[in-house]
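The values are calculated or read from the model by the stated rules, or taken from the named source; none is laboratory data. If you're wondering where the values come from, they're calculated on a predicted model, not measured in any experiment. Cβ sites come from the backbone with ideal geometry, for glycine too, and all protein chains shown count toward neighbours. Calculation scope for accessible area: heavy atoms of the full protein, side chains included, ligands and nucleic acids excluded. Shrake-Rupley method; radii C 1.70, N 1.55, O 1.52, S 1.80 Å.
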Amino acid sequence: MKEELEKITPSKISSFQVFLIHVCCGLALAVGFWVAHNVYSINLIFDPTGTLRLIWAIEFPVVILLFSCFRQKPEKCSYLKAIARGLLGLPVGALINALGALALGAPAGLQYFERTVSWSLLMSSLTFVPTACVYGSCWTDWHRIFACTKPKGSLDFMLCLPAHGAVIGAWFGAWPMPLDWERPWQDWPICVSYGAMAGYVAGMVGSLGLALMHTGGKQLKAE
Amino acid sequence: MWGWWRLGKWTVLVMFLHIIAVLIFTKGFLLTRTELPHSSHCSDLSQSPCHSSSYCWTKPVVDRLIIIVLDALRFDFVAPSSFFEQKQPWMDRLKVLHRMTLVNPSSAKIFKAIADPPTTSLQRLKGLTTGALPTFIDVGNSFGAPAIVEDNFIKQLIQNGKRVVVMGDDTWTQLFPNNFNKSYPYPSFNVKDLNTVDNGCIEHLLPSLHQQDWDVLIAHFLGMDHAGHIYGVDSTPMIEKLEQYNAVLEKVIEEIQNQSGPGKLHENSLLLVMGDHGQTLNGDHGGGSPEEVETSIFAMSFKNLPTLPSEFVSSSCEPSKNICISSIHQLDFAVTVSSLLGVPFPFGSIGRVNPELYALAVGTWKLDDNKTWNNQDELKLEEWLQNYVNVICINSWQVKRYVDVYSASSVIGFSSEDLFHISDLYAKAKENQLNLSFDKNESSNTSLPVLKRQIVAYFEFLSYVAELARSKWTEFDLKLMVTGIGIMLFSIYCHILAIRKLNKSYVVSLPLSRDSGISFGLMLASFTVLMRASSLLSNSYILKEGKVANFLLATTCIVTLRFSFMMNKLLLEAIIFLLLIFICRIAIEIGLYKQAATSQFMSASSSWVLGISLSESMWIYIVEIVSILALIILGYFLYNAISSYCRGIAKCAMMGTILSYLLIALYWISESNILDLPHFLKGMGKTYIPRTIYSIGLGQILLMTFVPLFSKEEASSYKGSLYVKMISILSTCSSTIIILQGKQGAFVALGFLLAGYCMMKLQGIEQHSVGGAAKITILDPLPILQWSLLAVCLFFATGHWCAFDGLRYGAAFIGFDEFVLVPQAILLTIDTFGFSHIFSVFGLPLFVQMEHNSLLSINLFWIFMVYGLITATTATATIVCVAIQRRHLMVWGLFAPKFVFDVVGLILTDLLIFVASIYYF
């Protein structure tokens, strides 16, 4: 499987592979929830830090291992190097996510520090790490995907849409926080995490749809 | 002038539409309870079904009444500390009251008195004397107390020949002008003065106790309220005040006790020591939180009395100490005291005669017949109850009469269902009463249970009326409200029309225009404005409005940052901007924390913790030095700007600002304890430095208004001259605003400046061609939206919030010691709206992009109109939301203050835009 994947030029990723990766990432999230619920019997509401960390611990390896397979210029960059890039991208992405959240009004107190860290690690694995694995530190690619939002091809869609989905979902997830319903899930970062994950899943669906359309369109053109 | 009118007519039109809409809506929304001009008379009683006697309404029980009002008396100042979980330093200070309740539990009693919000002194005095529910609109009158026109307790006293003496707070003489036989008023609005009113009170109180020329004495002490406002509850001045009051009360009680023997002056006296409202730990009041609403009444008569049957006692007792505390509504005060003195009850009162307070005094006229209460207890009790039934019967009849008259004279009074229920309850009670009378004729020995049932029936009626009045006493005129909203929406339509027109003329006159219609900036701006507008529908978002505005501002800023990444340009500016927003956010949270301490709707848990445990004095020094440093930086920027751009008069004017900055620094130094300045010098500095700064500012404004009329300066470029104008007016305003805002002012001004610079640089960034020069063809509303959101954020970050206790009254007294309405109101307005409205409107030319003259004025007007539109949209949303939520639990506590602040802000913005457009044109 590995060799097979390496032979393919990454920009030409088949819609089946997109499907596979998205299903794996989605499943990893689901497994994370399942393990938290049934093995450790914790959930996001009563132990946000632990649950987020657990979900991250399952999601992150899946993401980093899967996306490293689609690294750019595989002849120059080994699989291990891609993984190392992903590992390096993780804290950077976490920092950026955390700073963004703080600017938007996430609680800055010390008692929220652990939660913020685990949330931003998860956010980083959803948004930042995949691109770090695939493109490394190539500025133009980052620029294309995140600043201009002009993805080319299925691979770019696969990186761009779920990441934007997660961020936008988290943004919307913050809206119920100030309401006075006094529900435990209104606490930081519970509803934001739910929003982010929902947005991530929506982004994955969108990316998959686009990938299908893309290949379909190409086939049509070829015909 | 004609040139101005061509563009400026729209601002005038919109302003007038706004004013009309707001006036109409306010008339419908902030409608007060209709005040009825009727008053009660002795002869009215013949219409009542109750047992009438030779007395006026009720048998006078008390000859002389001494009311000592301690302003802002918290319940825990009076109640023993054993009632609370924790003993605090301010508890148990009024020891004499505890001692009295312990010694004679049947003649002295502590009550927990529950006030109805709004808990400002004026409203409470009005409520206490009329026995009615005060309405929201009167809050605004609190600064110039108008006379009470409704029937009230004081008026009844005067009508019935009682002589009243009042001393202390001059609000009393303003509320009841020319009503008192003697008055010793002292000015009440100088918050910093803890002693004048109190010393005046003490000076006259004790001698008056020996005099015979009064029947009712009112002494209103104010020091505690002021001590709370300035130092908070947990402070030495507050405790000193409490100790002082304790000593005064001790003397008063001793004096009265000495004269309470038969035939002496105070044979039949009742002493009431009461608060008009409570206060929070910060010393604020006005809202409806338990701390503000709960105050206390201590009542003491100087005779031994029967104990009440337990059914009518609402007290909670402290077994170990034998002190019982009952609770009473302030609503009941007027009628209870009237019944004790035997004067007609105020016409509009909806309270009931409180049985416990009544029982405290009521035995006094019977004592001669029977000196041993223990014998024939039951008979005495029955007699007491019979008497009380009669009183409560009169009480119910009076309330029923008021309800009837009120619903006849008011268009939208109570609903017919409720009226029917009221009549039903009353009829039932009355029927019982008739039975009672028959019983009385047949056998003189009415059984106790019948009497008790009767009392219960009346209580049911009275409490139902009070409850109904509480829940429904705001009459909204829906027609007017809808009209107001309609005009508001029309004004927005005009606004948009005007902006489109300006846009068109702008695009037409631009040679290289490419009309692309809707830009991304426009979309984002509209989306954000709509988001903010819809957020006002929820009370939670209004409470945290600062955070919401900050969230939206940060969102737009992140979008801008993304654009700047896209263009690979101005990254530093975008990041600095984001950083400023982050700092602003922290400041907003500190403000929220302060608000939570006083607000009834917010829990006081803070989400941020400063992990700094520096010693306090060290902290203060740092803050002082850093704020002065910020001021110096500001002055340096200004100096640079002056020396490079300005010439002639403008330069002269702006040098004045630098002088003002120096004076502010001097003022801060003199205020702090860094330098040990001699006392008189400090006093001089405190009053004269601020006044000098105000007058310099005023002089600068005059200079800038009149000089351009005589000399036409030819500037090198129109944009340059616009900037010079802007810098001069901003610097002029800044000195006054900074001194009013205190030490944070310099930081905020600096931050505002920096943020404005970043926004100016960043504007239209998404239209920049990559690498090329800026070619802006479309007017971009995004930076203006950001500017307006920043203004909102700064309003909250500088420690304001949309409630009346959020006004920083202290700012009104910078440079002034006495209260004079006009200058204080102006200073308070400048403090409240300084950064968020004045600064931001005059700073708008920052976003002018055009160099060319004719286009520049179009551009300027376009910016003003867009800014006005954003403010108007938010205000309209507030108005609509207030209308929708008019039956909300928090309508008076939260929505109405928000409405008032927004509406005032809107009109102010319109006015400022009008002035600024003339100034800049």
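At q = 0.09 Å⁻¹, what is the log10 ratio I(q)/I(0) for chain A, with the Debye formula run over Cα points and no solvent?
-0.36
Rounded to whole Hz and in sequence order, give me ³J(HN,Hα) for the stretch B:575-581 from the Karplus expression 6.51 cos²θ - 1.76 cosθ + 1.60, θ = phi - 60°, writing x for Gly and Pro.
5, 4, 4, 4, 4, 4, 5
Order of B:544-556, B:905-917 by packing, highest average Cβ count within 10 Å first?
Details: B:544-556: 24.9, B:905-917: 21.1.
Taking the mean over residues of other Cβ atoms within 10 Å, the ranking is B:544-556, B:905-917.
Within the set B:Lys59/B:Lys430; B:Lys112/B:Lys162; B:Lys251/B:Lys380; B:Lys192/B:Lys251; B:Lys162/B:Lys264, which residue pairs have Cα atoms separated by over 24 Å? Working shown, then result.
Numbers: B:Lys59/B:Lys430 21 Å; B:Lys112/B:Lys162 28 Å; B:Lys251/B:Lys380 34 Å; B:Lys192/B:Lys251 27 Å; B:Lys162/B:Lys264 19 Å.
Beyond 24 Å: B:Lys112/B:Lys162; B:Lys251/B:Lys380; B:Lys192/B:Lys251.
Can you pull the mean other chain C-beta count within 10 Å for peptide A:104-114?
Mean number of neighbouring Cβ atoms from other chains: 5.
What's the extension gain from B:Lys182 to B:Ser416 if we count 0.36 nm per residue and subtract their Cα-Cα distance? Intermediate values should be presented prior to the final figure.
Values: separation 234, 0.36 × 234 = 84.24 nm, distance 4.61 nm.
Contour length minus the Cα-Cα distance gives 79.6 nm.
Not counting the cut sites, what is the longest span of chain A without chymotrypsin sites (Phe, Trp or Tyr not before Pro) that DSSP labels loop and that have at most 15 other Cβ atoms within 10 Å? Don't jump to the answer; show the numbers that get you there.
Working: sites that count: A:Tyr40, A:Phe46, A:Trp181.
Segment A:47-180 is the longest.
Quick check: from the Cα gyration tensor, does the stretch B:726-767 come out rounded (a/c under 1.5), prolate or oblate? Mind showing how you got there, number by number?
Values: a/c = 5.09, a/b = 2.11, b/c = 2.42.
Judged from the Cα gyration tensor, the stretch B:726-767 comes out oblate (a/c at least 1.5, b/c at or above a/b).
Is there a simple number for the mean count of other chain Cβ atoms within 10 Å of the Cβ of residues in A:97-103, and what is it? Could the numbers behind the result be given before it?
Working: counts 0, 0, 3, 5, 1, 4, 16.
The shielding value for this peptide is 4.
Give the average over all directions of the projected area of the C-alpha convex hull of the stretch B:76-134, one decimal, in nm². Intermediate results must be reported in sequence, preceding the final value.
On the way: hull surface 21.6 nm².
Projected over every direction and averaged, the Cα hull of the stretch B:76-134 covers 5.4 nm².
Can you work out ³J(HN,Hα) from phi for every residue in the stretch B:530-542, in order, using Karplus 6.51 cos²θ - 1.76 cosθ + 1.60 and θ = phi - 60°, giving whole Hz and x for Gly and Pro?
Each residue's phi maps through the Karplus curve to give 5, 4, 5, 4, 6, 5, 6, 6, 9, 4, 5, 6, 5 Hz.
Give the whole-number value, in cubic angstrom per residue, of the convex hull volume spanned by the C-alpha atoms of the stretch B:3-44.
Working: hull volume 3.0 nm³, N = 42.
So the per-residue hull volume is 71 Å³.
Between A:Ser14 and B:Lys192, what FRET efficiency comes out of the Förster formula 1/(1 + (r/R0)^6) with R0 = 60 Å and r the beta carbon distance, rounded to 0.05?
On the way: r = 78 Å, r/R0 = 1.31.
For R0 = 60 Å, the calculated efficiency reads 0.15.
What accessible area, in Å² to the nearest ten, does a 1.4 Å probe give for B:Cys324?
50
Given a 1.4 Å probe, show me the residues in the stretch A:138-155 buried by at least 40 Å² of accessible surface when comparing the whole protein assembly to the chain alone.
Correct list: A:Trp139, A:His143, A:Ala147.
At R0 = 35 Å, how high is the FRET efficiency between B:Ala641 and B:Ile20 if r is their beta carbon distance? Nearest 0.05 is fine. Could you put the intermediate results ahead of the total?
Details: r = 41 Å, r/R0 = 1.17.
According to the calculation, E is roughly 0.30.
Starting from the amide H of B:His329, placed 1.01 Å from N in the peptide plane, find each other amide H under 5 Å away whose residue is 5 or more places distant or on another chain.
Those lying under 5 Å, H to H, from B:His329 are B:Ile114.
Holding the Cα-Cα limit at 28 Å, pick out from B:Lys547/B:Lys725; B:Lys400/B:Lys898; A:Lys150/B:Lys761; B:Lys501/B:Lys761 the pairs that are longer than that.
Numbers: B:Lys547/B:Lys725 33 Å; B:Lys400/B:Lys898 36 Å; A:Lys150/B:Lys761 25 Å; B:Lys501/B:Lys761 26 Å.
Pairs exceeding the cut-off: B:Lys547/B:Lys725; B:Lys400/B:Lys898.
Sequence-distant or interchain residues sharing an amide H contact under 5 Å with B:Val69, placed H: which?
Correct list: B:Ala219, B:His220, B:Phe221, B:Met274.
Ordering B:Thr11, B:Thr173 by accessible area with a probe of 1.4 Å, largest first, what comes out? Write down the numbers at each step before the final one.
On the way: B:Thr11 10, B:Thr173 35 Å².
Reading off the accessible areas and sorting them downward yields B:Thr173, B:Thr11.
With solvent modelled as a 1.4 Å probe, how much accessible area in total do chains A and B shield from it at their shared surface, in Å² to the nearest 100? Please list the in-between numbers first.
Working: alone 11760 and 38640 Å², together 48150 Å².
Buried area between the two chains comes out at roughly 2300 Å².
Within 10 Å of each Cβ in B:165-175, how many Cβ atoms from other chains are there, averaged over the peptide?
On the way: counts 0, 0, 0, 0, 0, 0, 0, 0, 0, 0, 0.
Whole-number average of other-chain Cβ neighbours for B:165-175 is 0.
Only residues of the stretch B:260-302 count here: report those whose backbone N is under 16 Å from the spot 7 Å along Cα→Cβ of B:Leu206, or say none.
Of the residues in the stretch B:260-302, none has backbone N under 16 Å from the label point off B:Leu206.
Taking R0 as 25 Å, what FRET efficiency do you get between B:Asn199 and B:Leu911 from their Cβ-Cβ distance, rounded to the nearest 0.05? Write down the numbers at each step before the final one.
Working: r = 43 Å, r/R0 = 1.73.
The computed FRET efficiency comes out at 0.05.
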